[in-house]
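The structure under discussion appears below in the form of structure tokens.
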Amino acid sequence: MVARQLRRRGIRDSRVLAAMSRVPREAFVPAPSRHRAYDDGALPLGHGQTISQPYVVAAMCELLELRGDERVLEVGTGSGYAAAVLDELAALVVSVEVIPELAATARVALVETGHADVEVRTGDGSLGDACESFDAILVSAAAPELPALLVERLADGGRLVCPVGPPSGQRLVLVERRGDQTTTTAGLRCRFVPLRGVAGHPD
Ligand code: SAH
């Protein structure tokens, strides 16, 4: 998977490649799809949700430029797979999931794979928490517009990656904060399940 799906497509960050080779993706995939754990695509998670394609997880993590000492927020824990990869790359990971059953399953998989330090919270992660700031924020579901409340949670020098746009035309957007200034860059085309909650799509 690392050689064929990631390196060949241009993922260069050696820490990301090493992290993705360490995290056993099959531990996060529901039993019926486990034989496809290393397929080059998204897989069903139940509850209408999907576990992201390995390449997309790698591309998002590479954009965050993590060096090991960061506090990271993930919105959309899903299976917990991306949270486990982030845990390999940063100092602290908080991951928020709106569907309680998925949060519970992800917690088990994270503990089983040695990522018990990841704090999985249940609730609407699109709100952020006014008391906390993060060096990196990864949104794992597509927002109709850039979630302003999450951009506010970025620490100075922080980076946020979020898929933005309608299902037909999403782009992976990178936001970099320097003091009060933020720079926004649209990159890779992608296809994520919709973000719910206050900053998400109406149900
Ligand atoms: N990173 C995940 C991908 C999960 S798919 C993985 O590696 O498996 C996106 C997830 O975001 C879904 O589980 C969905 O329930 C969740 N989600 C959608 N809107 C949310 C919100 N506002 N707050 C928290 N989680 C949300």
Expected max-MSF residue from Gln170, Gln53, Gln181 in the GNM of the chain (alpha carbon, under 10 Å) is Gln181
Each label sits 7 Å from Cα toward the beta-carbon; between Arg191 and Cys131 the label points are separated, in nm, by 4.2 nm
Any residue on another chain or 5+ positions along whose placed amide H is under 5 Å from the amide H of Ile51 is listed here as Leu43, Leu45
Residues Ser14, Ser140, Ser52, Ser33 in order from fewest to most other beta-carbon atoms within 10 Å are Ser14, Ser33, Ser52, Ser140
Over the chain, the sum of -39500 (n - 2.57) across DSSP H runs of at least four, divided by residue number and rounded to 500 deg cm²/dmol, gives at 222 nm -6500 deg cm²/dmol
Over the Cα atoms of segment 25-90 the radius of gyration and the largest Cα-Cα distance (Dmax), both in Å, equal 12.2, 37
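Give me the one-decimal Kirkwood hydrodynamic radius in Å for segment 32-174, with the sum taken over alpha-carbon pairs.
For segment 32-174, the Kirkwood estimate is 15.2 Å.
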Percent antiparallel among DSSP beta bridges confined to segment 1-104, rounded to 5, stands at 40 percent
Relative contact order as a percentage, segment 26-150, C-alpha pairs under 8 Å and 6+ apart, gives 24 percent
Largest fluctuation, Cys61, Cys162, Cys131 only, Gaussian network model of the chain with Cα springs under 10 angstrom, belongs to Cys131
Within the chain, the percent of DSSP beta bridges that are antiparallel, given to the nearest 5, stands at 45 percent
The summed charge of the Ser21 Cβ neighbourhood (under 12 Å; Lys/Arg +1, Asp/Glu -1) stands at +3
Within segment 136-198, DSSP-loop trypsin sites (Lys or Arg not before Pro) with at most 16 other C-beta atoms within 10 Å are Arg191
Here the FRET efficiency for Ala31 versus Arg9, based on Cβ atoms and R0 = 25 Å and rounded to 0.05, is 0.30
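Every read-out reported here was derived from the displayed coordinates using simple, explicitly stated rules and does not represent laboratory data. Computed from a predicted model, the values in this text were never measured in an experiment. Please note: Cβ atoms are built from the backbone with ideal geometry, for glycine as well, and neighbour counts cover all protein chains shown.
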